[in-house]
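Readers should treat all values here as calculations from the given coordinates under stated rules, not as data from a laboratory. Owing to the predicted nature of the structure, the values given are computational and were not obtained by experimental measurement. Neighbour counts are summed over all protein chains in view; Cβ atoms, including those assigned to glycine, are modelled from backbone coordinates with ideal geometry.
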Amino acid sequence: MAPSSSPPVPRHVAVIMDGNGRWARERNLPRLKGHQAGAESVRACLRACQELGVTHLTLYAFSSENWRRPEEEVRGLMGLMKTFLDREEKVLHENRIRLRIIGRLDRIEPRLRDHLAQVVEKTRDYDRAHLTVALSYGGRAEIADAARRLAERVRAGEIAPEDIDEEAVAAHLYAPDVPDPDLMIRTSGERRISNFLLWQLSYAELYFTEVLWPDFREAHFREAVADYQHRKRRFGRSE
Ligand code: FPP
């Protein structure tokens, strides 16, 4: 029997930042105010990761389904991404944090897409910490895109169908060099994965909290990590 052990600090934490709309509604504010307050929570989580030694953080900022939201809200969220880049790029350089963006970026407005690409490029050699932002992202789309790329490689004669195994699929995901998340946090009381990192979350520990995302700060992040540290991870093995 393989031994099980309490895990150390998670290497990679993935977060579904939920509850911005409800936070704003409770205060009679427009939804965008909730997203703005949520951007502060992003900064708080980055700080918590640095304090705790969590080296990889992935944030679900905008799902493929979010395109169905009112145009004004979509524009507001994209504006927040721009503000985030403007304000946080310095922090990325100071702390040698590599930024990655995952998702179908062809739908993102070209100016923002170029700005994102520039920061991704400028931080690509950093390896002290890794921030991945899922933008226009869907887990099924990511797997479908990997399947298409593999099929193209078969057609080009680069690989044979028999070469397609789990490792090959994983190698064709959007950020293949990022390790799978150890812990997935979802705020606001919802208990769903909502098409987030479907492949990568296979063995992640899941943590759900009632706290709304704009209220989620360093202390909440630390609580989630402490909860994770009490779990026994077995990866399908017996006790
Ligand atoms: C879900 O809350 C949240 C989002 C769709 C957007 C999350 C985006 C941010 C926090 C902006 C900043 C992000 C970065 C990386 C700079 P919801 O609107 O679905 O809330 P509700 O379920 O209460 O309506």
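Between the alpha-carbon centers of segment 166-202 and segment 129-143, tell me the distance in whole angstrom.
8 Å
Per-residue ellipticity at 222 nm for the chain, helices alone: DSSP H runs ≥ 4 residues times -39500 (n - 2.57), over residue total, nearest 500 deg cm²/dmol?
So the calculated ellipticity at 222 nm is -13500 deg cm²/dmol.
Subtract the Cα-Cα distance of Ala219 and Arg140 from 0.36 nm times their separation in residues, and report this length gain in nm to one decimal.
So the extension gain works out to 25.2 nm.
Based on the Cβ-Cβ distance of Leu198 and Lys82, what FRET efficiency does E = 1/(1 + (r/R0)^6) give at R0 = 25 Å, to the nearest 0.05?
Approximately 0.30, to the nearest 0.05.
Using R₀ = 41 Å, calculate the FRET efficiency as 1/(1 + (r/R₀)^6) where r is the Cβ-Cβ separation of Ile159 and Asp227; round to 0.05. Mind dumping the intermediate values first?
On the way: r = 42 Å, r/R0 = 1.01.
With a Förster radius of 41 Å, E is 0.50.
Express the relative contact order of the chain as a whole percentage, based on alpha carbon pairs under 8 Å and six or more residues apart in sequence.
On the way: 374 pairs, mean separation 77.4, N = 239.
Here the relative contact order equals 32 percent.
Determine the gain in length on full extension of the stretch Glu94-Arg128; use 0.36 nm per residue of separation and subtract their C-alpha separation, reporting nm with one decimal.
Details: separation 34, 0.36 × 34 = 12.24 nm, distance 1.06 nm.
Gain on extension, Glu94 to Arg128, equals 11.2 nm.
If the only charges are +1 at each Lys and Arg Cβ and -1 at each Asp and Glu Cβ, what is the size of the charge dipole of the chain around the Cα centre, to the nearest 20 debye?
Here the chain has a charge dipole of around 580 debye.
Under a point spin-label approximation (7 Å from Cα along Cα-to-Cβ), what is the Gln50-Trp67 distance to one decimal in nm?
According to this spin-label approximation, the distance is 3.5 nm.
Sorted by packing (mean other beta-carbon atoms within 10 Å per residue), highest first, where do 162-168, 138-144, 185-191, 27-33 land?
Answer by packing, highest mean first, reads 185-191, 138-144, 27-33, 162-168.
Excluding Glu210 itself, what net charge comes from residues whose Cβ is under 14 Å from its Cβ, given Lys and Arg +1 and Asp and Glu -1?
Surrounding charge for Glu210 is -3.
DSSP loop chymotrypsin sites (Phe, Trp or Tyr not before Pro) in segment 164-239 with at most 15 other Cβ atoms within 10 Å of their Cβ, which ones?
Qualifying residues, ordered by number: Trp199, Tyr203, Phe235.
Using θ = phi - 60° and the Karplus curve 6.51 cos²θ - 1.76 cosθ + 1.60, what whole-Hz ³J(HN,Hα) does each residue of segment 128-142 get, with Gly and Pro shown as x?
Values per residue, Gly and Pro as x: 6, 8, 9, 10, 10, 10, 8, 9, 6, 10, x, x, 5, 4, 4 Hz.
Take every DSSP beta bridge whose two residues both sit in segment 1-156, then give the antiparallel share in percent to the nearest 5.
So the antiparallel bridges amount to about 0 percent of the total.
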